[in-house]
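In what follows, a single structure is set out as structure tokens and then discussed.
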Amino acid sequence: MHKSVRGTAAPSPSHHRPADPLALAKSDGDVADQPIKRSHHGFRGVPPPPAFDFDALPDGALLNEHETAAVGRWSTNTLAAWRLRAGHGLRWVVIAGGFIRYRVSAIRAFLADAAPRKRKPATREPRSRATDAVPATQEPAR
């Protein structure tokens, strides 16, 4: 009769592969090595400068969101927000599979036509001095 012993397991399916030994985090020796946790959230920050020469690219070339953000030094969140705004100057195309791409010519036109940010004037009222204000809990002297 075959006995099942706890701790021994049948070969695991291919989607349950053990962690790669090179991907294990090194510790000070106090705690056993643990696999590095992978972030399941997409990168949404400002990427490093591009590794390619933007000026050498043809106008018809398509760049993905990460490459476009690297060229303009914008956050990928900024590009996503711009796509939601009607009438924003940076045009994009949607290719098969729903992927977003930006034409190099559209990026160049947006950079050439870039206007300074419009800021609304401050509408705050100046703070009153402490001597002018009467606390709500005190009644004026009679």
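A few points about this structure:
- The helices (runs of 4 or more DSSP H) found wholly in region 54-135 and carrying at least 2 residues that are among the acidic types (Asp, Glu), closer than 23 Å to residue 44 by Cβ and modelled with pLDDT of 90 or more occupy 65-72.
- Within region 47-56, the only residue that satisfies the criterion of being touching a residue at least 24 places away in the same chain (Cβ under 8 Å) and either within 20 Å of residue 94 (Cβ to Cβ) or exposed (fewer than 15 other Cβ atoms within 10 Å of the Cβ) (or both) is 49.
- Within region 87-106, tally of residues that are under 13 Å from residue 57 (Cα atoms) and in contact with a strand residue (DSSP E or B) (Cβ under 7 Å, 6 or more places away or on another chain): 3
- Breaking point among (1) modelled with pLDDT under 90; (2) closer than 20 Å to residue 115 by Cβ; (3) surrounded by 10 or more Cβ atoms within 10 Å (Cβ to Cβ), for residue 34: (2)
The values are calculated or read from the model by the stated rules, or taken from the named source; none is laboratory data. Quantities reported herein were computed from a predicted structural model and do not represent experimental measurements. Don't worry about glycine lacking a Cβ; one is built from the backbone with ideal geometry, like all the others, and counts go over all protein chains shown.
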